[in-house]
Amino acid sequence: MENNTEENRNGLKPGLAYRIFRLYIKFFHNKIFYRHTYVVNKENVPEDGIPLLIVSNHQNCMNDPLCILHSLDRRKANFIARADVFKNPIANRFLRFIGLLPAFRLSYEGEDSLSKNDATFEAAGQELMNGRSVIIYPEAGHQDKRWLGSFSLGYTKLAFEAAQRENFKKEIFILPSCNHYSSYFGMQQDELVKYGTPISLAPYYELFQTKPRTAQRQVNEKVREQTKELMLNIEDLEHYEALDYLRNSYGVKFARENGFRPELLPEKLLADKLFIEKMAQFKERNTELMSNICDKTLEMKAATLNANIRDWNFEKPFSFGRLLLQGILHILTFPVFICTIFPNWVIYFAPKLITRKTSDRMFDNSINFGLSVLLTIPLLYPLSFILCWIISGSLWMAVIYLLTLPLFGLFSFLYYKSFIKWKSEIRFRHRKDRESTKALINLRRMIFSLLDKEMKK
């Protein structure tokens, strides 16, 4: 009873409107938009009521904080986000409602705006002292590469100053974490959040009072190093494109040969980390050969894309019976697909009219998901409910139709994806005897054979 009283007094329990909204977002995020969501080392998250600053890498815009938020169960968290998204008054109110706080950056908002960060940091610090979580991305911007950029010291300043306002009587923890995705783009991908070991700031309180920058740097170094160990960090940017392609082509074979299951994202992450480590060792042994393989890999990638071939086409054994059965199933379920198109395909394709005009592709998934759950679904699902009620004359039928609409949408997407994959497999078998395809297959075998030898060293 005392715990509940304390919880309510500190305002740890989020309001009813927030909880309903969060359940709505979580359902579409975890069950529809993503195929699998994994949380690794969840036991490392301190219990509610403990001041917690969660630090993570940043690669997938708004999907990153949503990934962490949904791993925290019912615990409310605040996010530090770039200030330019708060410009619209309606957006400002909504973003603050869901827990976002603006961070002003010198390179974007100018030097005069930096003083506004004091209010943001104070609000975030108060959330910490009230026993809530604050999520922050010290890289200060997202990127499209699986590597860790430098960390700004802002988050350490926030945490230490929050403790200072309470005369260092409360212990604050910083929890390193990482977000990881099977792919940054498209629906029905896999996502993962992995937590490290909580780092207490209490041992640094005394140092901060005499040498604040030194304390901040020591904490930052420790947090960044742990974050780097959690994630896939491809530091060889010169060969990044080739290495990233190889981990998803040769890397599947490599994972299985080393006892990992590549179909499970947590295990694929461990396998990829090992592969990148092995490739770094390979580079030290023979830089010239490693660079040559990477050059050949880029040739293979370009030829594969130009031929409209998927990587899995090379590995999947041909079975006429299986392809025939899949074709029959596609024909039989086609009427269901047609019936499930509206309004789900409008919801799916409408945001793409905006993403086509964005220069930064890393916004694509965030825009697709955000516009769907905040605009097109709230508009089109009630409209579909009303139309079904009018046409059928049955309220209960309309309710059932409304509740099954998300599942219908998922079915239509998976049907489309399956059909494209089926067509791709047939096309590959048809082209397999062409000289260009044979040359591509031989190039792939040559690269894989060379890698096999090096990965065993």
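No lab work stands behind these numbers, since they all come straight from the coordinates. All values reported here derive from a predicted model rather than from experimental measurement. Here the Cβ is made from the backbone with ideal geometry for all residues, glycine too, and neighbour counts use every protein chain on show.
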* To do: Determine the relative contact order of the chain: mean sequence separation of Cα pairs under 8 Å and six or more apart, normalised by residue count, in whole percent.
  => 16 percent
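Pop the C-beta distance of residue 386 and residue 288 into the FRET formula with R0 = 51 Å and round what comes out to the nearest 0.05. Display every interim value, and only then the final one.
Numbers: r = 68 Å, r/R0 = 1.33.
Efficiency computed from Cβ-Cβ geometry: 0.15.
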* To do: Return the distance in nm (one decimal) between the two label points of a simple spin-label model at residue 404 and residue 197, each offset 7 Å from Cα along Cα→Cβ.
  => 5.2 nm
* Rounded if a/c is under 1.5, else prolate if a/b beats b/c, else oblate: with a ≥ b ≥ c from the C-alpha gyration tensor eigenvalues square-rooted, which is the range 237-306? -> oblate
* Asked: Could the peptides 222-235, 320-333 be put in order, highest first, of the mean number of other beta-carbon atoms found within 10 Å of their residues?
  -> 222-235, 320-333
* Net length gained if the chain between residue 263 and residue 433 were fully extended (0.36 nm per residue, minus Cα distance) -> 58.2 nm
* Structure fact -> So for the range 2-230, using the alpha carbon gyration tensor with a ≥ b ≥ c as root eigenvalues (a/c under 1.5 gives rounded; past that, a/b versus b/c decides prolate or oblate), I'd call it rounded
* Residues with amide H under 5 Å of residue 103's amide H, sequence separation 5 or more or different chain, H placed in the peptide plane at 1.01 Å from N; which? -> 81, 82, 83
* Asked: If you count, for each residue, the other Cβ atoms within 10 Å and average over each peptide, how do 391-403, 173-185, 443-455, 365-377 line up from highest to lowest?
  -> 173-185, 365-377, 443-455, 391-403
* Structure fact -> Honestly the range 270-354 on the Cα gyration tensor test (a ≥ b ≥ c root eigenvalues; a/c under 1.5 rounded, otherwise a/b vs b/c for prolate or oblate) is just prolate
* **Amide H within-cut-off set for residue 98, under 5 Å, with H built and near neighbours excluded** => none
* Hey, any idea what Rg/Rh is for the range 320-440, computing Rh the Kirkwood way over Cα pairs? -> 1.11
* **Helical mean residue ellipticity (222 nm; -39500 (n - 2.57) per DSSP H run of 4+; nearest 500) of the chain** => -18000 deg cm²/dmol
* **Spherically averaged projected area in nm², based on the convex hull that wraps the Cα atoms of the chain** => 27.4 nm²
* Mind listing the phi-derived Karplus ³J(HN,Hα) values for the range 134-140, rounded to whole Hz, using 6.51, -1.76 and 1.60 with θ = phi - 60°, and x for any glycine or proline? -> 10, 10, 9, 10, x, 5, 6
* Rel. contact order, % - alpha carbon contacts under 8 angstrom, at least six apart, the range 320-440 -> 31 percent
